[in-house]
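Notes follow the structure.
The values are calculated or read from the model by the stated rules, or taken from the named source; none is laboratory data. Since the structure is predicted, the reported quantities are computational estimates derived from the model, not experimental observations. For neighbour counting, all protein chains shown are included, and Cβ atoms are generated from backbone atoms with ideal geometry for every residue, glycine included.
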Amino acid sequence: MKDTIKERLKFLELCLLLLGEFRKNYLHLFFGIKRAQQTKDIKAYEEECIGNIRYCDKLKRFLPTDVFEPKLLPTESHELLAYQKHVEDLIASKGEESPFHQIEYISQPFLTAPNIKLWGQLNRAITGKLVLSIKYSGLRKKEASYNIQPLALIHNGFRWHVRAYVVGEERYRDFVLSRMNKYQISELEYCSAGLLENDEKWNNTVELVFKPHPQLTPKQVQSVEEDYGMIDGSKTVECKVCNIQHLLKLTRTGLDDEQREAHLFPLILDYKNSPKLIDILNKLKSKKLI
């Protein structure tokens, strides 16, 4: 089966899953294909995913059967959500109205999206191994100049930043995209030592063990355990060393020797048995990153 047909069948299955129905004109809405091809695609889905779809004469549309089970869609929830958003964005780009319920994304309620020109420049610098000269304003420091080798773009749940090697300082650090005021390609030679594979904090990971705040009531503890999918009262997450401070802020996690209000910060980090993690956290605290 051609990839183009597989993509259309995956979209058909998404409609069955999210809408509980499928109409032929949905294929035209998303792919712009003719009626004859629409009929062939539905036939192909019936043959590929036997027992998943039936036609309802009364409603004049296709419905999922009682034993319907997705076979073409991503099995991981985050991948499925990403695919749904991809479909909705494509439909919107065609000026059409999506048949799906519109999900409200509030991960960035007031922070700006990346500047398109900057976004393009950073991507070109990463793939082309270029050095950029930037002007950067931090919260604790006035505008400063840096020569950086952009290595990776990351979204920390609130805003975008770029992991980069700072030329001349021989160190790696994160730069928030919205604080990069000026940027241009530098004539400096790309430093072969400043590659992502040499960034220890990027390549090394640690296990973070999250637990419910000890001051929560038993019912609140149960709710937190269910919210975060905890097993035996804890949740273990593998995290890049350079992303620890971002994950702690994103999850509203307090250190267990610095208890915060339980209803505002329902998680604590259990780290007392990890000398490596203790050292990392002490360094982050000294830099006021946590």
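Structure values in brief
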| quantity | calculated |
| --- | --- |
| Unmet criterion (only one of (1) of a type outside the set (Gly, Ala, Ser); (2) assigned by TED's automatic domain parsing to the domain that holds Gln121; (3) assigned to a strand (DSSP E or B); (4) surrounded by 15 or more Cβ atoms within 10 Å (Cβ to Cβ)) for Lys182 | (4) |
| Tally of residues being at pLDDT 70 or above and either touching a His at 6+ places or on another chain (Cβ under 9 Å) or in a loop (DSSP other than H, G, I, E, B) (or both) across region 104-117 | 3 |
| Any hit, region 236-243, residues being surrounded by 14 or more Cβ atoms within 10 Å (Cβ to Cβ) and acidic (Asp, Glu) | no |
| Residue within region 95-103 that is touching a residue at least 60 places away in the same chain (Cβ under 8 Å), loosely packed, with under 15 Cβ neighbours inside 10 Å and charged (D, E, K, R) present | yes |
| Residue check, Lys58 in the same structural domain as Val166 (by TED's automatic domain parsing) and either assigned to a loop (DSSP other than H, G, I, E, B) or surrounded by fewer than 11 Cβ atoms within 10 Å (Cβ to Cβ) (or both) | no |
| For Glu47: the one exception among (1) surrounded by fewer than 14 Cβ atoms within 10 Å (Cβ to Cβ); (2) modelled with pLDDT of 90 or more; (3) farther than 14 Å from Lys6 by Cα | (3) |
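This table checks each residue for (1) farther than 16 Å from Asn156 by Cα; (2) out of contact with any strand residue (DSSP E or B) (no Cβ under 6 Å at 6 or more places or on another chain).
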{"position": "Leu177", "(1), (2)": "no, no"}
{"position": "Tyr183", "(1), (2)": "yes, no"}
{"position": "Leu196", "(1), (2)": "yes, no"}
{"position": "Ile231", "(1), (2)": "yes, yes"}
{"position": "Asn273", "(1), (2)": "yes, yes"}
